[in-house]
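Let me begin by presenting the structure, written as C-alpha cells, before commenting on it.
The values are calculated or read from the model by the stated rules, or taken from the named source; none is laboratory data. Please read all numbers here as calculations on a predicted model, not as lab measurements. As a convention, Cβ positions derive from the backbone with ideal geometry for all residues, glycine included, and neighbour counts pool all protein chains shown.
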Amino acid sequence: MTGSIDLHAYQEPILFLATAGVVVPLFHRLKVSPVLGFLAVGALLGPYGLGRLIPDYPWIDWLTFTNPEGTSRLAEFGVVFLLFTIGIELSWQRLRTLRRQVFGFGTLQVLLCAFALGLFAFKVVNSIAAAAIIGIALALSSTAIVIPVLAEQKRLSSAAGRASFSALLFQDLAVAPILFTIAALDMRQPEVTMLSFATALFQAALALAIIVGVGRVVLRPFFQMVSATKSPEIFMAACLLVVMVTSLIAAVSGLSMALGAFIAGILLSETEYRRAVDTTIQPFKGLLLGVFFVSVGMSLDIFRFLEAPVTILAVATFLIAIKSVVIFWLSRPFGLTASEAAETGLLLGPGGEFALVILGGAMAAGLVPTEVGQNLLLVTTFTMVAIPFLARIGRRLSRQLEKTRPIDPEAAVPPPPEEPGRIIVAGYGRVGQLVGDMLHRHKVPYLAIDADPGLVAGERKAGRPVFFGDGSYPAFLRACGIEQARALVITLDTPSAIEAVVAAARQERPDITIVSRARDAKHAAQLYELGVDDAVPETIEASLQLSEAVLADIGVPMGLVIASIHERRDEFRAVLRQNNRKPDRTEFRARRTVGK
C-alpha cells in the first residue's frame, strides 16, 4: 500500500519545469532573450502577481510560486554556476593581462558611479550612510544578464565585452566587503566592532587562501581519479561537488558563494579537464539561472509600479543615463573608442542582482528606509529587464559611431597601381587572413580590402598589403586594379555584403574568376545564380573535412580518402549549380573585345 503523496511539495519544481519548457522555445522563436520570459513569469506567478488573488481564489495557489525564500536559496546557485563557468574560461595569466581593466577601470567605475548616484540619493534619504549604500548598490551591474547577452551576441571577446567583463568581475569581488560594511553598520547589532569586522576580513582572506592552495594541489589528481572510472555520472557528481564545496567554504567565511565558485573555475581552467567540466556544468547553469531570473521577477511588485509608474520609470531611466555617461567618459582613458565606450555604458548602465541583495540587507539592518528601498528594488528590476534591449541599442549605436570615427592615416593609404596577375581578397578577417597567408606562401601577389579601419591599420603596420574600402563600390574595385586582376576571393561573412561585392565585380569585370565564401548550400546556390565561379559553403566544407579526418584516422588509405572527398565535393557543386546558368566567360571576353 503506497503512502499519501504531498503534491504541494512538487508544485514549484513542476511549475518551474513547465515554465522552462514553454518560455525558452517560445521566446527563442520570437527571437527574444529567454531572460525576459523568466522575469515575466516570476512577476506574473509570484506573490505580487497571481499570489494576491489566493485569499479569494484558493485554487490559484497551484499556479503560483508561494515560497520566495526557498526559491531564492536555489536561485543563488544559478549565479554560482555562472561564475564557475566564467572562471573556467579564464586563467591566472588572463587575469594578470586584464588587471588594469579589472582593478583600474572596475574600481573607478564603481567609485564614480556610487559617488554620482549617492549625491542624488542624499537629497531623498538625508543620511550619508544610507546615501552611500544606495549609491554603491546601484553602481553595480548585472553579471547574470550581461554576460549571457554578450555570449549570445558573440561579443565577449570584443573591446566592449572585455571592458564590461572586467568591471563586472571587480563588482563581484567587491560585494563581500560591501556586505561586511553593512553588517558593521547594522543598527540591530551593536556588538559588531572594528575587531569583529577585521576578524571577518581575515576569515575571508584565509578562505580564499585555502581554496586556492588546496585547489592547486587536489583538483588535478582528483579529476584524474574520477576520469579513470570512465563514468559520466561520477564525473558529473565530481563537478557538482567541487562547485558546492568551494562556494560553501566561501559563504561560511563571509564571502559570496559565487566568488568561491569563480576561483574554483579559474583553478580548473589550468587543467586538461576544463572543457569536459564546462560541458557537464552547462545544463545545470542554464536551469538554475532560469530559477534565478524567476526569483528576481517574483520581487517585482506590479501594483506598486501602477501606483507611481511615471516616477519609477523616470528614476530607472535616470539611473541608466547617469551610469552610462560616467562609464562612457571613464572608458576613453582606458583605450576604448567612442563606439566601444557607448556600448559598454549601455551594458553596465542598468542595475544588477547584487543591488537587490545589498538593498535588502540594508533595509533589514535599518540603514535604508523601507519605502525608498522597495521602490529602488523595483527600479533595479526594471533596469535589469531592459538590458537585452539596451545591448541591441548599444550595438547599433556602436556601429553608427564606428562609421563616423576618424580613419587612422595608416588605414587611409590608397591601393597601389594595377599589378597583372594580382588576386583581390575582399574581407580580411580570420578567413581572409588564412587565404592571404596561403597566397603568400605560393608567391602569388594579392591585395586585400576591408571596411574595418582598425583592422586595416594593424595589418598594414605588420607589413601586409591590406587597404581600407568597400568592395561593393565599382569605383573602388577599379582603384584596386580589377581590370588586371587574376581572380577575386570574397571572404565576408554577411550574405548581403557578399552579394553586393559579386554584383559590383561582375559589373566591372564580367570575365573575372570569383571564388566566394557562402553561409550554407542555399546561399551557395544563390551566389551561383549571381555568377560566381565557385561558392564554398561553410557547412558542407566542415562536413567534408570531418569525413576526411575520421576516414583517415580509422585506417582508410589517404589516396582513396582524398579522391572520394574531391568526388563528393564535385557532386555537391553540380547539385548547387543545377538550374543556374553558369556565366560564359568566353562570351564575356568577346564582349569586352568588341567594346574596346
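Tabulated data for the structure shown
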item: Out of ASP437, ASP511, sole residue that is part of a helix (DSSP H, G or I) and at pLDDT 85 or above; result: ASP437
item: Subset of the range 465-482 [more than 11 Å from ALA505 (Cβ to Cβ), at pLDDT 85 or above and either under 31 Å from the mean Cα position of the chain (by Cα) or surrounded by fewer than 17 Cβ atoms within 10 Å (Cβ to Cβ) (or both)]; result: VAL466, PHE467
item: Residue within the range 141-160 that is assigned by TED's automatic domain parsing to the domain that holds ALA355, out of contact with any Lys or Arg (no Cβ under 9 Å at 6 or more places or on another chain), over 30 Å from GLY290 (Cβ atoms) and assigned to a loop (DSSP other than H, G, I, E, B) present; result: no
item: Options ILE393, ILE423, ILE407: the member that is within 33 Å of the chain's Cα centre (by Cα) and at pLDDT 85 or above; result: ILE393
item: Residue count, the range 285-306 (criterion: out of contact with any helix residue (DSSP H, G or I) (no Cβ under 7 Å at 6 or more places or on another chain) and closer than 18 Å to GLY51 by Cβ); result: 2
item: Cβ pairs under 8 Å, 6+ apart, first in the range 330-350 and surrounded by 22 or more Cβ atoms within 10 Å (Cβ to Cβ), second among the small types (Gly, Ala, Ser) and not in a helix (DSSP H, G or I); result: GLU340/SER158; LEU347/SER141; LEU348/SER141; GLY349/SER141; PRO350/SER141; PRO350/SER142; PRO350/ALA386
item: LEU288 of a type outside the set (Ser, Thr, Tyr) and touching a residue at least 40 places away in the same chain (Cβ under 8 Å); result: yes
item: Neighbours by Cβ (under 9 Å, 6+ apart or cross-chain): first from the range 438-449, assigned by TED's automatic domain parsing to the domain that holds PRO465 and farther than 11 Å from GLY421 by Cβ; second of a type in the set (D, E, K, R) and part of a helix (DSSP H, G or I); result: ALA448/GLU459
item: Residue match in the range 250-257 (condition: of a type outside the set (Val, Ile, Thr) and farther than 20 Å from LEU173 by Cβ); result: no
item: The range 45-59, residues that are crowded, with 19+ Cβ neighbours inside 10 Å and part of a helix (DSSP H, G or I); result: LEU45, GLY51
item: Residue, farthest from GLY429 (Cα to Cα), within the range 497-536, restricted to residues that are surrounded by 22 or more Cβ atoms within 10 Å (Cβ to Cβ) and not aliphatic (A, V, I, L, M); result: TYR528
